[in-house]
Amino acid sequence: MKKVFVFTILALVFTFMISSTWAATLRINGDNSWVGFINGKQVAEGDNWQQATVTEFDMPDGYAVIAVYVHDAEPGNAGRGGALFDVILDDGTYIPSDETWKADAGAPLADRDDGWEQPDFDDSSWDNATQLDQFGSGIWGFGADTMRQTLNNPDSTAYWVWAGPNDVEDDVYFRKTVGTLPTTPVEPGGKATTWGALKTEQ
Ligand SMILES: [Ca+2]
């Protein structure tokens with residue numbers, strides 16, 4: 001009976017492993033400090049621009065909404081702000097910070113309460129991020145060797161980004177949905193329908 005029990009447990013664990021869909025990693029660097037959110041929940045906080053926060057997370061629905069806040073400590077043109085982040089999916093898909101992310105500047109995080117980090121937030125009025133230097137080059141290039149201690153496996157190929165010119169705004173917000181949004185109806189229990197097959201038969 002014990003062997004059967006152990007086998008049952010192993011089978012359950014294996015079933016869970018293959019059905020728990022995606023796992024992924026979020027890495028964030030910011031000059032000077034940052035807070036990261038996944039699906040509206042805070043998951044990361046850092047203030048050493050050369051030391052990324054690395055967050056592993058699951059995507060049971062196959063996608064996740066990433067939201068990143070970065071604060072530049074030097075007001076206006078007294079200093080330049082920068083944000084560098086990436087998401088790596090389990091299948092190797094690499095999603096770098098670049099101009100495809102939505103970006104917005106505004107009040108400091110503590111004063112912002114419009115739900116900007118929530119998955120259902122409407123960011124259609126946000127501009128795209130300003131794409132600056134690629135990791136390893138430009139004004140932050142001298143820190144690349146130190147940064148690679150956390151930005152390895154894989155090496156970062158992300159771009160430093162900001163909202164507008166990076167010597168103006170000091171509090172910026174980024175958003176992107178990673179993974180694949182569900183496009184077909186899903187039956188209770190998570191079993192996918194044969195929607196695609198039905199459509200081709202019509
Ligand atoms: Ca500044």
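Out of all the residues in the stretch 141-174, which are within 14 Å of the ligand (Cβ to nearest atom) and either of a type outside the set (Asp, Glu) or closer than 18 Å to residue 26 by Cα (or both)?
Those that are within 14 Å of the ligand (Cβ to nearest atom) and either of a type outside the set (Asp, Glu) or closer than 18 Å to residue 26 by Cα (or both): 160, 162, 163, 164, 165, 166, 168, 172.
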For the subset of the stretch 18-77 comprising residues that are within 16 Å of the ligand (Cβ to nearest atom) and among the polar types (S, T, N, Q), which member is surrounded by the fewest Cβ atoms within 10 Å (Cβ to Cβ)? 77
Residue tally, condition under 29 Å from residue 154 (Cβ atoms) and assigned to a loop (DSSP other than H, G, I, E, B), over the stretch 76-115: 11
Which one of the conditions (1) among the aromatic types (Phe, Trp, Tyr); (2) in contact (Cβ under 8 Å) with a residue 60 or more places away in the chain; (3) within 13 Å of residue 176 (Cα to Cα) does residue 121 fail to meet, given that it meets all the rest? (2)
Exactly one of these conditions fails for residue 97: (1) more than 16 Å from the ligand (Cβ to nearest atom); (2) surrounded by fewer than 13 Cβ atoms within 10 Å (Cβ to Cβ). Give me its number. (2)
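Read the figures in this text as sums done on the coordinates, not as results from a lab. As the structure is a computational prediction, the values presented were derived from the model and not from experiment. Note that each Cβ is placed from the backbone with ideal geometry, even for glycine, and that neighbours are counted across all protein chains shown.
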